[in-house]
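FYI, it's all coordinate maths here, none of it is from the lab. The structure presented is a predicted model; accordingly, all values stated were derived computationally and were not measured. We place every Cβ from the backbone using ideal geometry, glycine too, and count neighbours over all the protein chains shown.
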Amino acid sequence: MMKTAFIIAEYNPFHNGHRHHLEQTRRLTGADCVAAVMSGNYVQRGEAAVGEKLLRAQTAVRGGADLVLELPVKYAVSNAGRFAAGAVAVALACGAEGYLSFGASATLAELKALAAFLCDPALEAEARDLCRDRGKTYPAAVDALLRQKGMAGEADLLKDANNVLAVEYLKRLPEDGPLRPFAVERPLRRGHDAPAPDGDMASASFLRGLLYEENALAGGLPPRLADYMPRQTFCLLEEALREGRFPLDRRLFSVAAFSRLLTVSAAEFAALDNVNQGLENKLAQAVRDSACMEEVAAAVKSKRFTLARLRQILLAATLCVTKEDASSAPSYLRVLAFNDRGREALARMRETATLPVVTNLSDAVKQPSCARDAALEYQADKLFDACLPRPRGGNRPFQAHPVYVTS
């Protein structure tokens, strides 16, 4: 049987570190197909992506992936646990055998031990009590408990965002399931959001910073980007820039998103994931008192409610993603890009998948079981398209087809 290695990613934007991960995964696992489960037009930082999903999926296939499937928006804008649960569910629903590969700065044995420890219901209850009684965030409560139990080394591992996600993936992978975990050491030694490059490696955060510097795009893409991403990626982004498809206009998106927040009631905030303990009232008041999303987040930020968590909540409110949505299972598998090997994998997947395989939203919206998720994606994609340098109207989210990348 064909072996498939899945990678959960955002590629925001695709860079040399991502290519390294794809190459190492293929070489070390011997997989016949490397498939990415990629966030669509919105990412887990609580932001819109720097580029549209079909463009980013195309850069991923040009950079070494064979197939890119979309991580539904209801998971992509959620916390690490929801993000991981949704992505693992998508990978498992393909019905393939193989691997789940992820980047980490720890060994697989260390991560497995930590995942097993954190799955203990008693520990989770202790952490929830700390959150309630001392106003800590859940990650801060887990850190405190690990250190109390003499596990400072394990607590330090969770300071790396990639390790956090790796542990969340491991918590959700069936022990004897069809996908085995596989950890690839990250080549960028300075961390997940490193402020400076390391040789020809730079974080996606650093590269986004280059793109959004004042006047950075006056004469095309900043030349320095080419030092940290594959040449084909740079050329694809340059072409998209000329055509007005890249990058997202962040200021326009901020205005559009805040306009949506002005219509959200406290009751609607209460229906979102991670909103509790009266946060819905604080959010509704902050929206009335503020002039932009960043002001809302800053007004509500506290020990208990971090900026990262608030950005996720505000983006979920903007996109109408409720707690019920975030906690529900995926309803379909959407293909974003593929090459010849990916096409072979797709042919097998159509026989083995436990969910419908769709190539555009018009396929999904016609099926009652898929209609809610398809509607969420449609609305989210319409907002994104309206905030590109050359805004696109019409029914494009329903009409967009996967990108076939020829060799």
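Brief remarks on what is shown
- Globularity index of the stretch 250-325, i.e. its alpha-carbon radius of gyration over 2.2 N^0.38 Å: 0.97
- If the segment from H401 to R260 were pulled out straight at 0.36 nm per residue, it would be longer than the present Cα-Cα gap by 48.0 nm.
- E243/R27 FRET efficiency (R0 45 Å; Cβ-Cβ; nearest 0.05): 0.80
- Computed from the Cβ-Cβ distance with R0 of 25 Å, the FRET efficiency linking A196 to A291 stands at 0.15.
- Rg over Rh [alpha-carbon atoms, Kirkwood Rh] for the stretch 121-232: 1.11
- Simple point charges give the picture: +1 on the Cβ of Lys and Arg, -1 on the Cβ of Asp and Glu, and for the stretch 250-325 a dipole about the Cα centre of about 320 debye.
- Note on the stretch 110-159: dipole from Cβ charges, positive end direction compared against G153, A140, A113; the farthest Cα belongs to A140.
- Highest-first arrangement of 74-86, 245-257, where packing means the average Cβ count within 10 Å: 74-86, 245-257
- Counting only DSSP H runs of at least 4 residues, each contributing -39500 (n - 2.57), and dividing by the residue count of the chain, the helix-based mean residue ellipticity at 222 nm comes to -15000 deg cm²/dmol.
- Local net charge near D273, Cβ-Cβ under 11 Å (Lys/Arg +1, Asp/Glu -1): +2
- Look at V90, V164 and count the other Cβ atoms within 10 Å of each Cβ; fewest to most, that gives V164, V90.
- Since only S407, F338, Q58 are under comparison, the one whose Cα sits farthest along the positive direction of the charge dipole of the chain, derived from C-beta charges on Lys, Arg, Asp and Glu, is Q58.
- With contacts taken as Cα pairs under 8 Å at a separation of at least 6 residues, the chain carries a relative contact order of 23 percent.
- Residue pairs exceeding 32 angstrom between C-alpha atoms, taken from K136/K171; K112/K282; K171/K366; K301/K382; K112/K366: K112/K282; K171/K366; K112/K366.
- Between E351 and N276, full extension at 0.36 nm per residue minus the direct alpha carbon distance yields a gain of 22.8 nm.
- Using a Förster distance of 51 Å, the FRET efficiency for R343-L307 (Cβ separation, nearest 0.05): 0.75
- Extents of the chain, taken as max minus min of Cα coordinates on every principal axis and listed largest first, are 58, 49, 47 Å.
- Evaluated with a Cβ-only charge set (Lys, Arg +1; Asp, Glu -1), the stretch 110-159 carries a dipole of roughly 140 debye about its Cα centre, given to the nearest 20.
- Within the chain: Cβ-based charge dipole about Cα centre, in debye rounded to nearest 20 (Lys, Arg +1; Asp, Glu -1): 340
- Only beta bridges with both residues in the chain are counted; by DSSP, about 20 percent of them are antiparallel.
- Mean separation of Cα pairs under 8 Å and 6 or more residues apart, divided by the residue count, gives the stretch 248-376 a relative contact order of 22 percent.
- Cβ crowding within 10 Å averaged over residues, with 323-330, 216-223, 371-378, 237-244 ranked highest first: 371-378, 323-330, 237-244, 216-223
- Between the residues L92, F6, A216, the greatest Cα displacement towards the positive end of the dipole of the chain, with unit charges on the Cβ of Lys, Arg, Asp and Glu, is found for A216.
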